[in-house]
1. Is it true that some residue in region A:38-48 is under 12 Å from the mean Cα position of the chain (by Cα), free of Cβ contacts under 8 Å to residues at least 24 places away in the same chain and over 20 Å from B:Lys40 (Cβ atoms)?
2. Among the residues of region B:10-34 satisfying the criterion of being in contact (Cβ under 8 Å) with a residue 60 or more places away in the chain and among the hydroxyl-bearing types (Ser, Thr, Tyr), which is nearest to B:Tyr102 (Cα to Cα)?
3. How many residues are farther than 12 Å from B:Tyr35 by Cα, within 14 Å of another protein chain (Cβ to nearest Cβ), in a strand (DSSP E or B) and not hydrophobic (A, V, I, L, M, F, W, C) if we restrict to region B:56-101?
4. Taking A:Asp81, is it within 27 Å of B:Ser93 (Cβ to Cβ) and at pLDDT 95 or above?
5. Scan A:Phe47, A:Phe86 and give me the residue that is under 23 Å from B:Phe47 (Cα atoms) and either in contact with a His (Cβ under 9 Å, 6 or more places away or on another chain) or in a strand (DSSP E or B) (or both).
6. Output the residue which, of all residues in region B:7-28 that are closer than 17 Å to B:Ser71 by Cβ and not acidic (Asp, Glu), is surrounded by the fewest Cβ atoms within 10 Å (Cβ to Cβ).
7. What are the residues in region B:103-112 that are assigned to a strand (DSSP E or B) and surrounded by fewer than 19 Cβ atoms within 10 Å (Cβ to Cβ), if any?
Amino acid sequence: GIQVEQSPPDLILQEGANSTLRCNFSDSVNNLQWFHQNPWGQLINLFYIPSGTKQNGRLSATTVATERYSLLYISSSQTTDSGVYFCAVDPTRFSGGYNKLIFGAGTRLAVHP
Amino acid sequence: DTEVTQTPKHLVMGMTNKKSLKCEQHMGHRAMYWYKQKAKKPPELMFVYSYEKLSINESVPSRFSPECPNSSLLNLHLHALQPEDSALYLCASSPHGPYEQYFGPGTRLTVT
């Protein structure tokens, strides 16, 4: 099956710093999503980005589908950015109307004041 | 509105109990999902319903029984669980097609 690798596994930042999180995947995908899981367990949608570049405030993401990777950029980090960032992909060729998301292991981010 | 709701937030049950988890969405999505997440691990897919029909069962033990009574509601019936089934159970929904999934806040289950 498809492999989804995220790096780095852990990241510690000072408030105000910038960072780049990476997601590599081993096969072509129909869907790629980035999530932030807060300390209470809620998975918050950041980006739906099977290809191309998107920006939302201090966050942006780029997926290069032909090279099988995606990047999540966090600028001017804040303590509220702390948590786990997951990349998830759907590798199915024919989805039958649904996704089958496979999650990477995540990047644990801690932002200190 | 991109909200998926789940009840209860927390559940403690004994190994001989029967309980149910509930998930609801009113976004008109026709695909709904159950995921299980153990501590410090990523979510893992358990079941997928598409148009109220079970489309994927990822070899989940029969002590977990999903049900989709209508297009807005998804239940997970629990019976004779083991302590290792303690986890965060997440529900999600998506529109028809390879589109974005939206997750509920989860039910934190403890089996004693």
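1. Checking region A:38-48: at least one residue is under 12 Å from the mean Cα position of the chain (by Cα), free of Cβ contacts under 8 Å to residues at least 24 places away in the same chain and over 20 Å from B:Lys40 (Cβ atoms).
2. B:Tyr33
3. 1
4. yes
5. None of the others qualify; the one that does is A:Phe86.
6. B:Gly28
7. B:Arg108, B:Thr110
To keep it simple, each residue is scored yes or no on (1) surrounded by 13 or more Cβ atoms within 10 Å (Cβ to Cβ); (2) in contact with a Phe, Trp or Tyr (Cβ under 9 Å, 6 or more places away or on another chain); (3) among the hydroxyl-bearing types (Ser, Thr, Tyr).
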{"site": "B:Ala31", "(1), (2), (3)": "yes, yes, no"}
{"site": "B:Glu44", "(1), (2), (3)": "yes, yes, no"}
{"site": "B:Glu52", "(1), (2), (3)": "yes, no, no"}
{"site": "B:Ser59", "(1), (2), (3)": "no, no, yes"}
{"site": "B:Phe64", "(1), (2), (3)": "yes, yes, no"}
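The values are calculated or read from the model by the stated rules, or taken from the named source; none is laboratory data. All values derive from a computational prediction rather than experimental measurement. In this analysis, Cβ positions are derived from the backbone assuming ideal geometry, glycine residues included, and neighbour counts consider all displayed protein chains.
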